[in-house]
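The values are calculated or read from the model by the stated rules, or taken from the named source; none is laboratory data. Predicted model, so just to flag it, every value in this text is computed and none were measured. We place every Cβ from the backbone using ideal geometry, glycine too, and count neighbours over all the protein chains shown. Calculation scope for accessible area: heavy atoms of the full protein, side chains included, ligands and nucleic acids excluded. Shrake-Rupley method; radii C 1.70, N 1.55, O 1.52, S 1.80 Å.
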Amino acid sequence: RIAYARKRAVRVHLPTAADRAREVAELHARAAALPGWPESLERLECAIADHAGPFGLDGLPAPARVVTTMVPGGAVTGRLVGAAGPDLHFADGLVVDSRLLAGWELVATDADADADATTAVPVAELPPPAAPAGQDGLF
């Protein structure tokens, strides 16, 4: 298991897509060459699917700040540029662990208010989470 802090630190230094594909192909070849595969397992050809582009991981800014807790009355605003595991990466280097968002309301800002906006700008409004039905809010 690798800690998320370590993963965050290395995401900004990803090798090129070609280097990543070459390394995966080499590892696949080494695994396929191992003896003793049971007859019930079929060795498949190597098929590489690099998700760095679709998830916005190529060219991420260095993590400048990481949200570690949510507070009533606070807000997180910014341009979402990448997502990896539970981490949401913003253009200014802010990283939000999406596991912290459970129970908090997420609302979109008005894209017209930001003349530079070319994509949706996510905003996390942070009111206290609602208590489950039948509870007084004291957990």
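Here residue 36 meets the list (1) in a loop (DSSP other than H, G, I, E, B); (2) farther than 30 Å from residue 91 by Cβ; (3) open to solvent by 90 Å² or more (accessible area, probe 1.4 Å) almost entirely, failing just condition (3).
Given the criteria open to solvent by 90 Å² or more (accessible area, probe 1.4 Å) and either assigned to a loop (DSSP other than H, G, I, E, B) or closer than 21 Å to residue 3 by Cα (or both), does residue 23 qualify? The answer is no for residue 23.
Please verify whether region 1-11 includes one or more residues that are surrounded by 10 or more Cβ atoms within 10 Å (Cβ to Cβ) and β-branched (Val, Ile, Thr). No, there is no match, as no residue in region 1-11 is surrounded by 10 or more Cβ atoms within 10 Å (Cβ to Cβ) and β-branched (Val, Ile, Thr). Look at residue 75 and say whether it is out of contact with any strand residue (DSSP E or B) (no Cβ under 7 Å at 6 or more places or on another chain) and either not charged (D, E, K, R) or not in a strand (DSSP E or B) (or both). Spelling it out, it is not the case that residue 75 is out of contact with any strand residue (DSSP E or B) (no Cβ under 7 Å at 6 or more places or on another chain) and either not charged (D, E, K, R) or not in a strand (DSSP E or B) (or both).
When residues in region 1-14 are screened for being outside any helix (DSSP H, G or I) and either under 15 Å from residue 62 (Cα atoms) or touching a residue at least 24 places away in the same chain (Cβ under 8 Å) (or both), 3 of them pass. The residue list 84, 31 contains one member that is open to solvent by less than 80 Å² (accessible area, probe 1.4 Å) and either under 21 Å from residue 106 (Cβ atoms) or in contact (Cβ under 8 Å) with a residue 40 or more places away in the chain (or both), which is 84.
In region 88-99, the count of residues that are of a type outside the set (Asp, Glu), in a helix (DSSP H, G or I) and either at pLDDT 85 or above or in contact with a Cys (Cβ under 9 Å, 6 or more places away or on another chain) (or both) is one or more.
List the number of the failed condition for residue 76; all other conditions in (1) open to solvent by 60 Å² or more (accessible area, probe 1.4 Å); (2) closer than 29 Å to residue 105 by Cα hold. Just one mismatch for residue 76, condition (1).
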